[in-house]
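The values are calculated or read from the model by the stated rules, or taken from the named source; none is laboratory data. What you are looking at is a predicted structure, and each value in this text was computed from that prediction instead of being measured. All Cβ positions, even for glycine, are placed from backbone atoms using ideal geometry, and neighbour counts span all protein chains on display.
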Amino acid sequence: MKHCLIAAAALLAFTPVAYAEGHFPYTDENCGVTTVYEQAPERAVTLSNNATEMLLALGLEDRMAGTSYMADLKISPQYEEAYNTVPILSPLVATTEQLIDAEADFVYAGYPDGFSEKRHSRDVLHSLGMKTRLNTEGCNLGKYGFDELYDEIRSVAGIFGVPERGAALIEDIQTAVAAVEEKLEGVEPIPVFIYNGGEDTPRAVLGNTMLSHVVSRAGGENILGDVDKRYGSTSWEQLVEQAP
């Protein structure tokens, strides 16, 4: 799968941005917030690693004024060259002042804490002339799998006026996933516990997460995948009983 994504990212990186004719104005319905784009953002800032990699996967590094909140995380190798061309505003979530200094016109967060009241709400940023988007994984506690990921790609590509790039990225992911599934046809799934921290009480990744869906497509079976939530706690005794 990684090789297909690397090839797709490389192709997009060397393709000049060309906006779809008649694409704007573009209306984005996102987590209860409606935003109308008269033109594509030119100075985007990301507030999480997944938001950063989404824009890089679409080849939009030339439209990025900064990234933040990578902390100790490493950018995926296929995006490293493009990532190094974008300023890093902060290892934590960029502050309102840093967003203003970067002259951001679009702020994209992968998680709700990017737009928390103690930092800067979406309304506050809108009042400062910055449009915003929250990855729908951050505002939807229901299922988040490949279909939802594809919708997110389409929406972000739409905001930047490059729907054909979104379609190409989705097609490459679908092709890679199909190739993995073909190789695994007839193979018995491996029981997997997706650990999310904790010592006395282990925390688990449950069924409504992208990670659980990735594991299932890769030949595993999340032993807690039938729990209709994102994250939760279990016990070491239960894990021993289920024998992942």
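From LEU169, LEU224, LEU211, grab the single residue that is assigned by TED's automatic domain parsing to the domain that holds TYR37, among the aliphatic types (A, V, I, L, M) and surrounded by 13 or more Cβ atoms within 10 Å (Cβ to Cβ).
LEU169
Confirm whether TYR195 is assigned by TED's automatic domain parsing to the domain that holds ALA44 and aromatic (Phe, Trp, Tyr). Explain how you work it out, then say what you get.
Working: assigned by TED's automatic domain parsing to the domain that holds ALA44: no; aromatic (Phe, Trp, Tyr): yes.
Here the answer is no, as TYR195 does not meet what is asked.
Just to be sure I understand, how many residues within region 152-201 are under 20 Å from ASN30 (Cα atoms) and of a type in the set (Asp, Glu)?
Residues flagged as under 20 Å from ASN30 (Cα atoms) and of a type in the set (Asp, Glu) within region 152-201 amount to 1.
Of the residues LYS74, LYS118, which is farther than 14 Å from ALA157 by Cα, surrounded by fewer than 23 Cβ atoms within 10 Å (Cβ to Cβ), more than 16 Å from the chain's Cα centre (by Cα) and not aromatic (Phe, Trp, Tyr)?
Only one candidate qualifies: LYS118.
So if I check each of GLY32, GLY110, which one is in contact with a Cys (Cβ under 8 Å, 6 or more places away or on another chain) and closer than 24 Å to GLY161 by Cα?
Of GLY32, GLY110, the one residue that is in contact with a Cys (Cβ under 8 Å, 6 or more places away or on another chain) and closer than 24 Å to GLY161 by Cα is GLY32.
For ASP147, are the conditions met, namely being surrounded by fewer than 21 Cβ atoms within 10 Å (Cβ to Cβ) and more than 15 Å from the chain's Cα centre (by Cα)?
Considered against the rule, which asks whether it is surrounded by fewer than 21 Cβ atoms within 10 Å (Cβ to Cβ) and more than 15 Å from the chain's Cα centre (by Cα), ASP147 comes out as no.
Checking the structure you have, find out if any residue of region 128-135 is over 15 Å from the mean Cα position of the chain (by Cα), of a type in the set (Gly, Ala, Ser), at pLDDT 95 or above and within 21 Å of ALA40 (Cβ to Cβ).
yes
Okay, residues lined up against (1) modelled with pLDDT of 95 or more; (2) closer than 19 Å to ILE159 by Cβ:
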| position | (1), (2) |
| --- | --- |
| LYS2 | no, no |
| LEU12 | no, yes |
| PRO16 | no, yes |
| THR35 | yes, yes |
| GLU38 | yes, yes |
| ILE88 | yes, no |
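Pairs needed: first member in region 83-99, over 17 Å from LEU125 (Cα atoms); second member anywhere, assigned to a loop (DSSP other than H, G, I, E, B) and among the charged types (D, E, K, R); C-beta distance under 7 Å; at least 6 residues apart or different chains.
Pairs that qualify, where the first residue is over 17 Å from LEU125 (Cα atoms) and the partner is assigned to a loop (DSSP other than H, G, I, E, B) and among the charged types (D, E, K, R): there are none.
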